[in-house]
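No value in this document is a laboratory result; all are computed from the given coordinates. All values derive from a computational prediction rather than experimental measurement. A quick note on method: Cβ atoms are made from the backbone with ideal geometry, for glycine too, and the neighbour counts reach across all protein chains shown.
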Amino acid sequence: MNNIKDVILQYVIDEYLEDPDEEISFDTPLISGGIVDSFSMVSLKRFLETTYKIQLPDERATPEAFDDVNSIAELVEEFIASN
Amino acid sequence: MAYSNKVRGIYQDTLNSIEEAGLFKTERIIFSSQAASIEVEFPVGAPKKKVINMCANNYLGLSSHPDVIAAAHKGLDTHGYGMSSVRFICGTQDIHKELEKKVTEFLGTEDTILFPSCMDANAGVFEAILTDEDVMISDRLVHASIIDGIRLAPAMRDTFKHQNMEHLEQKLKMHADKRLKVVITDGVFSMDGDTAKLDEMVVLCEKYDAMLFLDDSHASGFIGKTGRGTHEKCGVMGKIDIITTTFGKALGGASGGCVSGRKEIVEMCRQKARPYLFSNTIAPVVVSGVLNVLDTLSKSTERRDKLEKNSNYWRKGLLDAGFVLQPGDTPIIPVMLFNAKLAQNFSRDLYEEGIYAIGFFFPVVPNGAARIRTQISAAHEIHHLDKALKAFIKIGKKHNILGKTKKEIVDMYGL
């Protein structure tokens with residue numbers, strides 16, 4: 001689980017942060033905090049699906065579920081387990 | 001009548017919160033035609049004042065040019081005022097077809113379709129040409145109208161970091177399985193005045209089999225050696241698949257826009273683009289004016305050459321005076337102030353000095369990136385620019401920002 005969190009956190013840093021000095025953690029609000037907008041959420045979803053070979057249905061890939069690394073990792077874990 | 005006090009209260013509360021957040025927009029009333037020098041009443045009820053306009057999209061100074069006005073008058077006489085119909089019922093005149101042909105020639109594309117505005121062109125094009133099997137990959141700083149157009153389309157949406165070609169390539173690889181891929185960019189980005197790297201984008205799009213979409217609204221008529229746009233400047237004319245642009249800025253400044261590009265894409269818009277299908281096209285009087293503008297620009301580069309000279313003069317003057325500018329080489333020259341309140345005060349002080357230039361701050365630009373966006377015109381004479389520069393320096397001294405770095409300004413005023 002920690003490893004998944006680290007991978008997701010690193011992806012978010014590389015993909016979305018414009019300022020290299022900005023620091024975020026597992027519980028930083030991503031969507032409600034304005035770091036990830038709804039357009040850019042798509043690439044995060046695609047990244048998770050291809051990296052972990054899962055399919056996240058749109059009704060589960062909500063802005064709430066994607067709002068911090070902790071909750072994204074929980075969702076990914078759930079779908080890996082049900083695979 | 002169900003417009004109860006409850007309904008009124010909901011809207012009043014929302015409007016109040018917009019005002020409290022400092023985001024309430026008010027119009028400044030202009031009592032003259034659009035020009036380098038205009039007569040303005042601001043705030044409402046204040047005496048009218050003659051000011052130098054430093055914030056219009058009147059890049060080529062054609063908004064009130066006598067030849068354009070004469071052509072518009074003539075068009076009004078020969079083709080009437082309105083069409084009272086959409087294009088495919090009885091709203092297409094010979095001059096609409098003529099303008100589509102002229103724009104195609106001017107931009108060096110295969111075909112063109114007119115829209116009531118470029119906002120409409122951007123709103124309609126993606127939905128008309130893409131399905132849920134496709135993907136749109138846009139620069140993160142594209143214009144709001146493109147974002148709206150993307151929202152209306154059923155295709156997958158993704159973005160790449162502003163002007164970051166490495167990131168774009170990653171995204172093209174990631175979406176390799178999609179049926180159609182469209183890379184979307186502005187030609188000149190309106191808030192910063194920087195120019196898209198179209199030459200590199202064309203190479204990437206060819207490599208990964210993607211189409212390239214360009215909104216050239218802040219470029220058509222004056223960017224590139226003969227003013228054809230960003231694609232001319234970058235040496236990729238004929239290689240952009242979809243260009244949208246406006247007639248509401250450099251090309252006469254009235255209204256109207258178009259989608260120009262590959263003929264199948266234009267035809268798809270004619271069949272399916274909703275703003276084209278369900279609203280009247282550009283009024284004959286405006287079409288006649290734009291036709292005159294394109295004729296003039298096709299014959300001579302005098303106006304775009306003057307604009308380039310003016311822009312260089314203005315940029316150098318500001319840099320020599322010690323202002324922090326966004327780098328670039330277009331007539332959009334943002335003077336960076338970083339702090340929103342400072343930008344508002346600076347704009348107000350300039351107005352007192354007879355200079356009309358607006359402060360931009362969040363959410364129009366990112367937090368901590370407030371600025372006065374200046375826009376140069378071929379209608380400006382050197383004496384206008386000298387007067388404006390004198391005022392900028394006076395107000396710059398007042399706020400103690402001349403010769404200061406970004407860090408020093410931020411330390412003084414905060415973000």
Go through A:PHE26, B:ILE332, B:VAL135 and say which Cα lies farthest out towards the positive end of the charge dipole of the protein assembly as shown; charges sit on Cβ, +1 for Lys and Arg, -1 for Asp and Glu.
B:ILE332
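Residues with beta-carbon under 12 Å from that of B:PRO116, excluding B:PRO116: net charge, scoring Lys, Arg +1 and Asp, Glu -1?
Details: positive: B:ARG87, B:ARG274; negative: B:ASP120.
Around B:PRO116, the charge tally is +1.
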How large is the charge dipole for the stretch A:2-81, taken about the Cα centre, if only the Cβ atoms of Lys, Arg (+1) and Asp, Glu (-1) carry charge, to the nearest 20 debye?
460 debye
Ordered by packing density, taken as the mean number of other Cβ atoms within 10 Å over each peptide's residues, highest first, how do B:170-178, B:308-316, B:226-234 rank?
B:226-234, B:308-316, B:170-178
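By the scheme Lys and Arg +1, Asp and Glu -1, what is the net charge of all other residues having a beta-carbon under 11 Å from that of B:ASP148? Please list the in-between numbers first.
Working: positive: B:ARG151; negative: B:ASP120, B:GLU127.
Spelling it out: positives minus negatives among the neighbours equals -1.
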Inside 10 Å of the C-beta atoms of A:37-44, what's the mean count of C-beta atoms belonging to other chains?
5
With unit charges on the beta carbon (Lys/Arg positive, Asp/Glu negative), name the residue among B:GLN34, B:GLY149, B:ALA123 whose Cα is farthest towards the positive pole of the charge dipole of the stretch B:1-157.
B:GLN34
Quick one: what Rg and Dmax do you get for the stretch B:66-299 from the alpha carbons, in Å?
17.2, 56
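Kindly put B:CYS205, B:CYS55 in sequence by how many other C-beta atoms sit within 10 Å of each C-beta, fewest to most. Could the numbers behind the result be given before it?
Values: B:CYS205 22, B:CYS55 17.
Lowest count first: B:CYS55, B:CYS205.
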Please give, to one decimal in nm, the separation of the simple spin-label points placed at B:ILE29 and B:LYS50, each 7 Å out from Cα toward the Cβ.
2.1 nm
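For chain B, what does the alpha-carbon gyration tensor say about shape, rounded, prolate or oblate, given a ≥ b ≥ c as the root eigenvalues, a/c under 1.5 as rounded, and a/b over b/c as prolate? Walk me through the numbers before you get to the answer.
On the way: a/c = 1.39, a/b = 1.26, b/c = 1.10.
The shape class here is rounded.
Is there a quick way to get the dipole size of the stretch B:210-307? I mean about its Cα centre, with the Cβ of Lys and Arg at +1 and of Asp and Glu at -1; what is the value in debye to the nearest 20? Show your work: numbers first, answer last.
Working: 14 positive and 9 negative charges, 9 e Å.
For the stretch B:210-307, the charge dipole is close to 40 debye.
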Nearest 10 degrees is fine. How inclined is helix B:284-299 to the longest principal axis of chain B, computing both from alpha carbons?
80 degrees
Taking the Cα centre of the protein assembly as shown as the origin and placing charges on Cβ (Lys, Arg +1; Asp, Glu -1), which of B:ALA369, B:MET83, B:LEU15 is farthest toward the positive end of the dipole?
B:MET83
Which angle from 0 to 90°, rounded to the nearest 10, does the C-alpha axis of helix A:69-81 make with the longest principal axis of chain A?
20 degrees
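Quick check on the exposure proxy: order A:ARG60, B:ARG157, A:ARG46 from fewest to most C-beta atoms within 10 angstrom.
On the way: A:ARG60 13, B:ARG157 20, A:ARG46 17.
Placing the least packed residue first, the sequence is A:ARG60, A:ARG46, B:ARG157.
Rounded, prolate or oblate: which fits the protein assembly as shown when a ≥ b ≥ c are the square roots of the eigenvalues of the alpha-carbon gyration tensor, with rounded for a/c under 1.5 and prolate only if a/b beats b/c? List each step's numbers first, then the result.
Values: a/c = 1.65, a/b = 1.22, b/c = 1.36.
In terms of gyration-tensor shape, oblate.
Can you put B:HIS380, B:HIS218 in order, fewest other beta carbons within 10 Å first? It would help to have the intermediate numbers written out before the result.
Values: B:HIS380 26, B:HIS218 29.
With the fewest neighbours first, B:HIS380, B:HIS218 line up as B:HIS380, B:HIS218.
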For chain B, find the longest principal axis of its Cα atoms and tell me its angle to the long axis of helix B:66-79, 0 to 90°, nearest 10.
40 degrees
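Which whole number gives the average count of other chain Cβ atoms within 10 Å of the Cβ atoms across peptide B:159-165? Could you put the intermediate results ahead of the total?
Values: counts 8, 3, 6, 1, 0, 1, 0.
The shielding value for this peptide is 3.
Before anything else, pin down the relative contact order of the stretch B:1-90: Cα pairs under 8 Å, at least 6 apart, normalised by residue count, whole percent. Show your work: numbers first, answer last.
Details: 57 pairs, mean separation 13.6, N = 90.
Relative contact order for the stretch B:1-90 comes out at 15 percent.
Can you give the net charge of the other residues whose Cβ lies under 13 Å from the Cβ of B:LYS397, counting K and R as +1 and D and E as -1? The partial results should precede the final answer.
Numbers: positive: B:LYS390, B:LYS394, B:LYS398, B:LYS404; negative: B:ASP349, B:GLU353.
Local net charge: +2.
What are the semi-axes of the equivalent ellipsoid of the stretch B:127-225, taken as the square roots of 5 times the eigenvalues of the Cα gyration tensor, listed largest first and rounded to whole Å? Kindly include the intermediate steps, with their values, before the conclusion.
Numbers: eigenvalues 92, 50, 27 Å².
Three semi-axes, in Å: 21, 16, 12.
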Yeah, the stretch B:69-124 with a ≥ b ≥ c from its alpha-carbon gyration tensor (a/c under 1.5 is rounded, else prolate when a/b outruns b/c, oblate otherwise) is oblate
How would you order A:19-25, B:275-281 from highest to lowest mean count of nearby Cβ atoms within 10 Å?
B:275-281, A:19-25
Residues whose placed amide H lies under 5 Å from that of B:ALA379, excluding near-sequence neighbours
B:GLY61
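Could you size up the charge dipole of the stretch B:66-299 around its Cα centre, putting +1 on the beta carbon of Lys and Arg and -1 on that of Asp and Glu, and report it in debye to the nearest 20? Let's see the in-between values first.
Details: 27 positive and 33 negative charges, 30 e Å.
It works out to roughly 140 debye.
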Just from its helices, what would the mean residue ellipticity at 222 nm be for chain B, if runs of 4 or more DSSP H residues each count -39500 (n - 2.57) and the sum is divided by every residue, rounded to the nearest 500 deg cm²/dmol?
-13500 deg cm²/dmol
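Pairs of alpha-carbon atoms within less than 8 angstrom and 6+ residues apart define the contacts here; what relative contact order does the stretch B:66-299 have, in percent? Present the calculation step by step, with values, prior to reporting the outcome.
Values: 494 pairs, mean separation 73.3, N = 234.
Once divided by the residue count of the stretch B:66-299, the mean separation gives 31 percent.
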